[in-house]
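Q: My structure is below; once you've seen it, I'll send some questions.
The values are calculated or read from the model by the stated rules, or taken from the named source; none is laboratory data. Keep in mind the model is a prediction, meaning the values are calculated, not measured. With ideal geometry, Cβ positions are generated from the backbone for all residues, glycine too; neighbour counts draw on all protein chains shown. Ligands, DNA and RNA are stripped out before the accessible areas are found, and what is left, the full protein with its side chains, is counted by its heavy atoms. Shrake-Rupley method; radii C 1.70, N 1.55, O 1.52, S 1.80 Å.
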Amino acid sequence: MPTKKRFKTKYPGVYFIRGESVFGKPENIYYVRYRKNGKLVEEKAGRQFQDDMTPARAAQVRARRIEGNELSNNERRTAEEAKKAAELGRWTIDRLFSEYIKGRPANKARSIDKGRYENYIKPHFGNKEPTDVLPLDVDRLRIRLLKKRSPQTVKHVLNLLTWVVNFGAKKNLCESISFHIEKPTVNNIKTEDLSEEQFKNLIDAIEADSNIQVKNLMKLALFTGLRRGEMFKLKWEDIKSERGFIHIIDPKGGPDERIPLNDAARSLLESHPKTESPYVFPGRDGKQRVSAQAGVNKIKKRAGLPKDFRPLHGLRHVYASMIASSEEVELYTLQKLLTHKDPRMTQRYAHLRDEALKRASEVAGNIIQTASKRKDEQKLLNLENHK
């Protein structure tokens, strides 16, 4: 209860006390008194400036509360507390995502997922439980996003929504969505390859470059097929020369992998200059490298490669293409070398192996044709001799 002096107004059950506004100016604070269910209620109606409250408006507040058209302050607080308690018992998409993201490793993929959730999913579904999500809601989101974002981005967003709900259902926190979330069709498989002349020009440009870090970075991509990020994170301790393997930490957000350290890569790394940094290809101040764009683009330009050729990622494709067309490696083995989680990613190189098999088949056909031709010629020669 207020301890300051009360000032009556001309309205019954309405009074005010003198207070101070947030700006330090004098301000009236209005209170109302009334009985509800036989109990005396006395509570604040509002402040003069902050709430634009007047004696007349305070009287209207009092009337609405007496009639039950407006909750009392105490009833409002009770309702808000009940709502919060109910929210704690509801596994909304927002709450499920908070639990889902806790289990993700702290890497770039996790940050990207957080951004996708905050920007695209939370505004539409954050306060809903999975069973409250309707197919029409998802369709509207997909159509709206496709107007501004690429099909690949929209697919990632809808995949994230699916993963979050499936996570909740798997943990028995909620029921799953009863319908299939339709994703846009994406055709972004791009296999970059170089002609024999382009490849020769690239090797010449790499060898002619004076930046030993970028030069060896590109060579290692060709020798091993490592991803750009994997080479940036590569530390000397990850190179197990005595065991003949390179340890890959967190490849594309998956579990750690290892790939064979071939002789070409071993020789390159043994001659590569070491610094005080733990990283093989250190960035500024010895920290993890975040880019090599300027250096690799310089080499790309000198080699005269196509504009759409991605210097480091493209070399990974060149590595895979060379192996696939060698006739010596199965696609399953290539999948392991490239650390592809999904065999469909490796399948893009199947046509190169098919071409190699066709060439091998042609060789066999030519051998047989040659042998048959010689046999026919011998028959003709024998007939001539008999005559």
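Q: Does the stretch 279-304 hold any residues that are more than 14 Å from F232 (Cβ to Cβ) and either open to solvent by 20 Å² or more (accessible area, probe 1.4 Å) or modelled with pLDDT of 90 or more (or both), and which are they?
A: D285, A294, N297, K298, K300, K301, R302, G304
Q: Separate question: Could you list, in sequence order, all residues of the stretch 41-59 that are open to solvent by 100 Å² or more (accessible area, probe 1.4 Å) and not basic (K, R)?
A: F49, Q50
Q: Taking the conditions exactly as written (open to solvent by less than 90 Å² (accessible area, probe 1.4 Å), aliphatic (A, V, I, L, M) and touching a residue at least 60 places away in the same chain (Cβ under 8 Å)), does A169 satisfy them or not?
A: no
Q: If I ask for residues that are under 27 Å from the mean Cα position of the chain (by Cα) and crowded, with 20+ Cβ neighbours inside 10 Å, which ones from the stretch 215-227 would you list?
A: L217, M218, L220, A221, L222, T224, G225, L226
Q: If a residue must be aromatic (F, W, Y) and within 17 Å of W91 (Cα to Cα), how many such residues does the stretch 113-162 contain?
A: The qualifying residues number 2.
Q: Which of the residues that make up the stretch 60-78 are of a type in the set (S, T, N, Q), open to solvent by less than 80 Å² (accessible area, probe 1.4 Å) and over 18 Å from Y15 (Cβ atoms)?
A: T78
Q: With respect to the numbered conditions (1) open to solvent by 70 Å² or more (accessible area, probe 1.4 Å); (2) within 30 Å of K298 (Cα to Cα), which one is the sole condition not fulfilled by S150?
A: In the conditions (1) open to solvent by 70 Å² or more (accessible area, probe 1.4 Å); (2) within 30 Å of K298 (Cα to Cα), S150 misses (1) alone.
Q: Next question, about the same structure. Pull up the stretch 12-40, narrow it to residues that are small (G, A, S) and exposed (fewer than 13 other Cβ atoms within 10 Å of the Cβ), then point me to the one that is farthest from the chain's Cα centre (by Cα).
A: My answer is G38.
Q: Within the stretch 182-202, can you find the residues that are at pLDDT below 85, open to solvent by less than 70 Å² (accessible area, probe 1.4 Å) and within 20 Å of P306 (Cβ to Cβ)?
A: T191, E192, L194, S195, Q198, F199, L202
Q: Within the stretch 117-133, which residues are open to solvent by less than 40 Å² (accessible area, probe 1.4 Å) and of a type in the set (S, T, Y)?
A: Within the stretch 117-133, Y117 is the sole residue that qualifies.
Q: Only one of these is small (G, A, S) and within 29 Å of the chain's Cα centre (by Cα): A265, A292. Name it.
A: When all the criteria are applied, what remains is A292.
Q: Of the conditions (1) exposed (fewer than 15 other Cβ atoms within 10 Å of the Cβ); (2) part of a helix (DSSP H, G or I); (3) not basic (K, R), A205 clears all except one; give me its number.
A: Only one criterion is unmet by A205, namely (1).
Q: Here is a check on your reading of the model: is R149 closer than 28 Å to P306 by Cβ and either within 23 Å of the chain's Cα centre (by Cα) or among the polar types (S, T, N, Q) (or both)?
A: So R149 fits the description; yes.
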